[in-house]
Amino acid sequence: MNAVVLDRPGEPLRVADLPRPPLASGDVRIAVSACGVCRTDLHIRDGELAQPKLPLVLGHQVVGRVVEGGSRFAAGERVGVPWLAWTCGSCRYCRSGRENLCPEAKFTGYTRDGGFAAEAVADERYCIHLPGSMSDTALAPLLCAGLIGFRALRFTQDAARIGLYGFGAAAHIVTQLAAAEGREIYAITRNDDEAAQSLALEVGAVWAGGTDEEVPVELDAAVIFAPAGELVPAALRAVAPGGRVVCAGIYMSDIPSFPYELLWHERSICSVANLTRDDGERLFAQVARTPVTTHVELFPLAEAETALGRLRAGAVRGAAVLTV
């Protein structure tokens, strides 16, 4: 099958002709039609996340149709394959509804081959049924950007004014979900990133500006999608007493020291790690009630390295998606 492979972190992906992956018990084989390109893929490719399976087929926002295997889905049924690929089911995290923290967890496009390929194999228990009329390419970003953004939004609790630091795939989905709930979104982007700021306003943000600008209101919460540790003290300065700063990336540069007074008055910092199957059920149920428009830039499978380069440069407006 046609695929794009990472041989070693830090090196460009290569196009390859691979054997079809074998099926284990409970697995389904999926003919891939689209796969989102995530910043996590970029962190793996650039060597910022340690110990990936090598060689590796990246990609964990997989949309396709079941070819064979398993018993949960019919042949031809459209499914999604997200980041969480397998958990042990028996540890204290799995038994308490926190399978995202399972120490034995496996991940699509990291410890298992993912969707930068014509076919993918996945444990059917962790696949998501994808109903509705959204196109395959429009659905793909929901499988990570949407899921992590949705989980991060839940971590803001009942915050009415939320700042989003870094406005890419996840933020442009979160903005729509939050606006539908009557919340106000304030988008903080790279300085002079007019494309991201215009997208933020287009999808429902009430304000958009650069990191060198002062947010015009006191925020109840902030979500940091950009992998820049220096944004944590900045977000703490922007949130009101009792406010929460949610770090939603899988990787972040070091957080610089900051005075305790920024954390005082019951402000807090937390992180979001991975996702659960319950997150998937809740997100797609909400999307069925509250339609979301994903803004995507399409690339053929063979141009996965180009897509990652544009993502690294901050040149993608919305989400990048590979078409297979």
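Scan the range 203-256 residue by residue and report those that are in contact (Cβ under 8 Å) with a residue 60 or more places away in the chain, within 28 Å of residue 83 (Cβ to Cβ) and not in a strand (DSSP E or B).
Passing the criteria: 203, 225, 226, 227, 228, 231, 234, 235, 248, 249, 250, 251.
The conditions are (1) of a type in the set (S, T, N, Q); (2) assigned to a loop (DSSP other than H, G, I, E, B); (3) under 23 Å from the mean Cα position of the chain (by Cα), and residue 33 fails exactly one of them. Which is it?
Only one criterion in (1) of a type in the set (S, T, N, Q); (2) assigned to a loop (DSSP other than H, G, I, E, B); (3) under 23 Å from the mean Cα position of the chain (by Cα) is unmet by residue 33, namely (2).
I'm checking my understanding of the structure. Among residues of the range 288-324 that are surrounded by 21 or more Cβ atoms within 10 Å (Cβ to Cβ) and either of a type in the set (Val, Ile, Thr) or assigned to a loop (DSSP other than H, G, I, E, B) (or both), which one is farthest from the chain's Cα centre (by Cα)?
Looking at the filtered set, the residue picked out is 324.
Out of all the residues in the range 1-30, which are in contact with a Gly (Cβ under 6 Å, 6 or more places away or on another chain), part of a loop (DSSP other than H, G, I, E, B) and not small (Gly, Ala, Ser)?
Residues satisfying the conditions are 9, 23.
Quick check on my filter: what residues within the range 73-94 are farther than 17 Å from residue 53 by Cβ and aliphatic (A, V, I, L, M)?
Within the range 73-94, 74, 75, 79 meet the criteria.
In the range 112-133, how many are outside any strand (DSSP E or B), more than 19 Å from residue 25 (Cα to Cα) and modelled with pLDDT of 95 or more?
Looking only at that region, the number is 3.
Going by what's in this entry, would residue 313 be described as outside the structural domain of residue 203 (by TED's automatic domain parsing), of a type in the set (Gly, Ala, Ser) and in contact (Cβ under 8 Å) with a residue 60 or more places away in the chain?
no
For the range 175-202, which residues satisfy the criterion of being within 19 Å of residue 228 (Cα to Cα) and either of a type in the set (A, V, I, L, M) or not in a helix (DSSP H, G or I) (or both)?
186, 187, 188, 189, 190, 191, 192, 193, 196
Take the conditions out of contact with any Cys (no Cβ under 9 Å at 6 or more places or on another chain) and either under 24 Å from residue 14 (Cβ atoms) or in contact (Cβ under 8 Å) with a residue 12 or more places away in the chain (or both) and apply them to residue 321. Does it pass?
Taking the combined requirement at face value, the residue does not satisfy it.
Among the aliphatic types (A, V, I, L, M) and in the same structural domain as residue 102 (by TED's automatic domain parsing), is that true of residue 301?
Considered against the rule, which asks whether it is among the aliphatic types (A, V, I, L, M) and in the same structural domain as residue 102 (by TED's automatic domain parsing), residue 301 comes out as yes.
The values are calculated or read from the model by the stated rules, or taken from the named source; none is laboratory data. Bear in mind the structure is a predicted one, so any value in this text is a computation, not a measurement. Reconstructed Cβ throughout: ideal geometry from the backbone, glycine too, with neighbour counts over all protein chains shown.
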